[in-house]
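What follows is a set of notes on a single structure, which appears directly below.
The values are calculated or read from the model by the stated rules, or taken from the named source; none is laboratory data. On a predicted model such as this, the values are computed, not experimentally measured, just so you know. Counting neighbours? That spans all protein chains shown, and the Cβs are built from the backbone with ideal geometry, glycine included. Surface areas here come from the heavy atoms of the whole protein model, side chains and all, with no ligands, DNA or RNA. Shrake-Rupley method; radii C 1.70, N 1.55, O 1.52, S 1.80 Å.
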Amino acid sequence: DAKTTQPTSMDCAEGRAANLPCNHSTISGNEYVYWYRQIHSQGPQYIIHGLKNNETNEMASLIITEDRKSSTLILPHATLRDTAVYYCIVTLTDKLIFGTGTRLQVFP
Amino acid sequence: DTGVSQDPRHKITKRGQNVTFRCDPISEHNRLYWYRQTLGQGPEFLTYFQNEAQLEKSRLLSDRFSAERPKGSFSTLEIQRTEQGDSAMYLCASSLDPYLGQDYEQYFGPGTRLTVT
């Protein structure tokens, strides 16, 4: 079973920041938090990952709480092309265990 | 770098037939993963390879399923005596070796959609 809990769906207006939460209260000390997304009928796409510190790349920012029990993925300026299912995954270094993710709908 | 490729993209077969899918990973990636995804669900892990060695198999991978990566490059996933419950998207992913201290995020292919009639 997935080790994470995410809301089933969220909406976001185009151009606004999308903040996607994830709870992972049973995370162990050496497990990473990964975020992937899946646009309809495509393979999942890697977004970002982190261990303890906040991370930022060209796609998104990842904020991890100090106790590491939850995190937030931030898409700073959502576009219609960001409409997808977003998966938060806790893992060591091998297989990914996907939950059902958050379906993000970006509207004009 | 052309990314992970999978062939075929779509396969329709009759129950009881055997099917084989191919995955070509990113060339320098020594890890290769297979996942299965049914409608409305997230992908489920099936198995993975480190070079040519199959290191882990999920209990989802019944005796009818077999995966190979003979030369540590491309991989094949075969399903024997297909059943309607095998209808799904079969996804392949590849990554660098995490124990070499490199970035090891998984890159996914477009998937092979199998329909068993």
*Go over the candidates A:D82, A:D94 one by one and state the one that is open to solvent by less than 70 Å² (accessible area, probe 1.4 Å), more than 13 Å from chain B (Cβ to nearest Cβ) and closer than 26 Å to B:S95 by Cα.*
A:D82
*Can you find a residue in region B:31-48 that is over 24 Å from A:Y87 (Cα atoms) and either modelled with pLDDT of 95 or more or open to solvent by 20 Å² or more (accessible area, probe 1.4 Å) (or both)?*
no
*Of the residues that make up region B:80-89, is at least one away from every other protein chain (no Cβ under 14 Å), more than 25 Å from A:H40 (Cα to Cα) and free of Cβ contacts under 8 Å to residues at least 60 places away in the same chain?*
no
*How many residues are open to solvent by less than 20 Å² (accessible area, probe 1.4 Å) and either at the interface with another protein chain (Cβ under 9 Å from one of its Cβ atoms) or touching a residue at least 60 places away in the same chain (Cβ under 8 Å) (or both) if we restrict to region A:24-42?*
4
*Filter region A:43-64 for residues that are in contact with a Phe, Trp or Tyr (Cβ under 6 Å, 6 or more places away or on another chain) and outside any strand (DSSP E or B); which is farthest from the other protein chains (Cβ to nearest Cβ)?*
A:L51
*Filter result for the condition that a residue is open to solvent by less than 40 Å² (accessible area, probe 1.4 Å), at positive phi and touching a residue at least 12 places away in the same chain (Cβ under 8 Å), over B:G109, B:G72*: B:G72
*Filtering region B:93-117 down to residues that are outside any loop (DSSP other than H, G, I, E, B) and under 14 Å from B:H10 (Cα atoms), which residue is nearest to the other protein chains (Cβ to nearest Cβ)?*
B:R113
